[in-house]
Each structure stands twice: as structure tokens, then as C-alpha cells.
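Each value in this text was obtained by applying a stated rule to the coordinates, not by laboratory testing. What you are looking at is a predicted structure, and each value in this text was computed from that prediction instead of being measured. Using ideal geometry, Cβ is built from the backbone for each residue, glycine included, and neighbour counts are taken over all protein chains shown.
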Amino acid sequence: MTAMLTAWPFVIAAYAVTILGTLGLAGWALVALRRAEARADALDRRPQATQAGVR
Amino acid sequence: MCEFLLMHRFANPVRFQRLARPLTAWFGWSGALLTAVGLLGGLFVTPPDYLQGETVRILYIHVPTAWLGMAGWTGIAVASVMQLVWRHPLASVAARACAVPGAVYAAICLMTGSIWGRPTWGTWWQWDGRLTSMLVLFFLYLAYIALASAAGREESGQKISAIFGLVGAVNLPVIHYSVLWWRTLHQGQSIGLTGSSIDRSLLWPLPLSALGFTLIFASIVLMRMRAMLAEAKVEARLKRMARG
């Protein structure tokens, strides 16, 4: 029983490392994607705005 | 021939983006659902192992992360072949997109293995064949990431990264057969193509969590590829604007 109880902190630590690592990786990839797409969209809109301003 | 035509069908970034956008979300959410079911089953439904007790539950995260650590480098090697042989325009993007997720999962595999080893073997680390070859894979990832980021979008630099990706693939069979070549601390292969030595009552959450983590990995790789393509588009546009 003692062995079973002492095993749980190791199990929880391993699950925490994996879940936090996966969430961190997915979050980082999502933020990088949003930023890159926002920059590309802003640049797509820029020439049209400049042309409109000239007119 | 069919695969060759399919491969070149998605050489066009616009066509790729059209397919990648819905797949990113689909892979991400279905992967999260499968992983949640697999991990909850592994934590609360399966019985403890007669020998390892509760620590056997680490199996449901350690095995998928080990598989993904190796799958990431397999992705790099396949994309490198596509880049060097067929000059596929998305191949180097795909290879670079696999690197960081592969490195993270190789690191998680090493950490969860170490956490498993402490109560099971009585030590956090041993210079055992499987553990050492997995650590080598992690260092190969770090070297590849450094090399690919230094190379940037230059063709010669990308070629060097691709060659490094192929050479590094030599470590994959070493990892796989290490438990047979050096019978040290790490247990032998318990899951093969023909069956498993693990009891069914313990085994069922493993395919769920392995498939779930694989789908999450695929979603992350697609996000990385889309981000890199968007960055390349911005860079090309800025260069054109600078030229006037």
C-alpha cells in the first residue's frame, strides 16, 4: 500500500510535464501562426490603403 | 506514381493552405479528445500492474512521446529526401516545421522516462543504450534547429540542413534496436507489429493516447508550416517593396 501511495507523485509529475509541454508547444505554435498571418494580412491591405489615400 | 502526383499537387502553397487550414483545427480538436480519453482511462480506469504498481500509468504518455520524438525525425528525413531529389517547394518548410515539436517530445520522453525510472529502477538516469540514443536524438534536434535557422531561406544552407536531416536518421534504427543490441536496464520491446506482451486490461488506453498525441503533433506541424509560409510571403513582399 505504501509503495502504491508513493508512486502517485511520480505519475502526477510525469503527466504534468507532458500536458504542460504539449499545451505550451501548441500555444506557442498558435501565437506564432496568428502573428505571422496578421503581418501578412496587414501587408496585403497596405497597397490598397495607399492607393485609396492617393486618390 | 500516384504518390508522386499527389506530392506535386500540394507543391502550390495556396492549394496547401486551403487544405491545411481546416485540417489544423480538425487534427487539433480530435487529437485533444482522444488524448483526454486515453489519459483519463490510463489514470483512473486501468488496474495497477502486478509488478510496477501505479507507475505503469506513465506508459500512456511515455510511449506516445517516444514515438513522436522518433516520428519527428522521420518526418525531417522524408522531407529532406523530397527536397534533395524532387526539389519539392514545401519540403524544407515541412522539415523545419517538424524540428521543434520533435525536440519537445524527445525531451518529454527523456523526462517522463527519468521520472518512471526513479521508482522502478531506483535511479533517475543510466547510460543505457536506449536512454543514451534517445538523448543523442534530442541533441541532433537542437543541432538541426540551429543549422536550419542559421541557413535561413538560402538554397545552399537548406541543402546542408537536408543532408544533416538524412545523416541524423541513422540514429533511428539505433534507438529502435538498442534494447536488443545492448541488453542493459531498459526493458525489451513489449509492443510489436504482430502483438503485445502487455495485458489487454492495461493496453487499451495506449492506442487512444498514441493516436491523440499524433494528431496534436500533426496539427502543430501544420501550424508551424502555415506560419513559415506567411513569414516567407511577408519577406518576399517587403523585398519587392524595397526594390520599388
Fill in the blank from the handout: Between B:L51 and B:L180, the FRET efficiency computed from the C-beta separation at R0 = 22 Å comes out, to the nearest 0.05, as 0.55
Exercise for the section: Any chance you could check the Cα centroid distance between the stretch B:117-165 and the stretch B:37-60 for me, in angstrom? Expected result: 29
Problem - Nearest-20 debye value, the stretch B:85-244 charge dipole, Cβ charges on Lys, Arg, Asp, Glu - result: 640
Handout entry: Assigned charges on the beta-carbon of Lys, Arg, Asp, Glu; the stretch B:1-126 dipole about Cα centre (debye)
Key = 560
Handout entry: Exposure proxy order (Cβ contacts within 10 Å, fewest to most) of B:E235, B:E155
Key = B:E155, B:E235
Handout entry: Normalised alpha carbon radius of gyration of the stretch B:115-164 [divisor 2.2 N^0.38 Å]
Key = 1.69
Exercise for the section: Give a quick list of trypsin sites (Lys or Arg not before Pro) in the stretch B:125-175 that DSSP marks as loop, anything other than H, G, I, E or B, with at most 16 other Cβ atoms within 10 Å. Expected result: B:R153
Exercise for the section: Place a label point 7 angstrom from the Cα of B:E235 along the Cα-to-Cβ direction, then list the residues of the stretch B:93-119 whose backbone nitrogen is under 15 Å away. Expected result: B:93-97
Problem - Peptide B:223-233, shielding by other chains (average Cβ, 10 Å cutoff) - result: 6
Exercise for the section: Treat every Asp and Glu Cβ in the stretch B:80-164 as -1 and every Lys and Arg Cβ as +1, leave all other atoms uncharged, and give the resulting dipole magnitude about the Cα centre to the nearest 20 debye. Expected result: 80
Exercise for the section: Do me a favour and compute the ellipsoid semi-axes for the stretch B:1-152 from its Cα gyration tensor, root of five times each eigenvalue, largest one first, whole Å. Expected result: 35, 21, 12
Exercise for the section: Return the sequence-ordered ³J(HN,Hα) values of the stretch B:158-169 in whole Hz as given by the Karplus equation 6.51 cos²θ - 1.76 cosθ + 1.60 applied to θ = phi - 60°, using x for Gly and Pro. Expected result: 5, 5, 5, 4, 5, 5, 4, x, 6, 5, x, 5
Handout entry: Inter-centroid distance (Cα atoms) of the stretch B:185-244 relative to the stretch B:14-32, Å
Key = 12
Practice task
Figure the gain on full extension for B:V167 and B:L142 (residue separation times 0.36 nm, minus the Cα-Cα span) and round it to one decimal in nm.
Solution key: 7.5 nm
Completion exercise
Calc'd 3J(HN,Hα), the stretch B:213-221, phi into Karplus 6.51 cos²θ - 1.76 cosθ + 1.60 (θ = phi - 60°), Hz, glycine/Pro = x, comes to 5, 5, 5, 4, 4, 4, 5, 5, 4
Fill in the blank from the handout: Restricting to Cα pairs under 8 Å and 6 or more apart, the percent relative contact order of chain B works out to 34
Exercise for the section: Please sort A:22-30, B:203-211 by packing, taking for each peptide the average over its residues of neighbouring beta carbons within 10 angstrom, highest first. Expected result: B:203-211, A:22-30
Exercise for the section: May I ask you to sort B:D128, A:D44, B:D49 by Cβ crowding, counting other Cβ atoms within 10 Å and putting the fewest first? Expected result: A:D44, B:D49, B:D128
Practice task
Give the dimensionless ratio obtained when the Cα radius of gyration of the stretch B:98-244 is divided by 2.2 N^0.38 Å.
Solution key: 1.35
Handout entry: Ascending count of other beta-carbon atoms within 10 Å, so fewest first, for B:V170, B:V14, A:V17, B:V93
Key = B:V14, B:V170, A:V17, B:V93
Practice task
Return one quarter of the surface area of the convex hull spanned by the alpha-carbon atoms of the protein assembly as shown, equal to its mean projected area, in nm².
Solution key: 18.8
Completion exercise
If exposed means chymotrypsin sites (Phe, Trp or Tyr not before Pro) lying in a DSSP loop and surrounded by at most 13 other beta carbons within 10 Å, then the longest stretch of chain B lacking such sites spans residues B:128-244
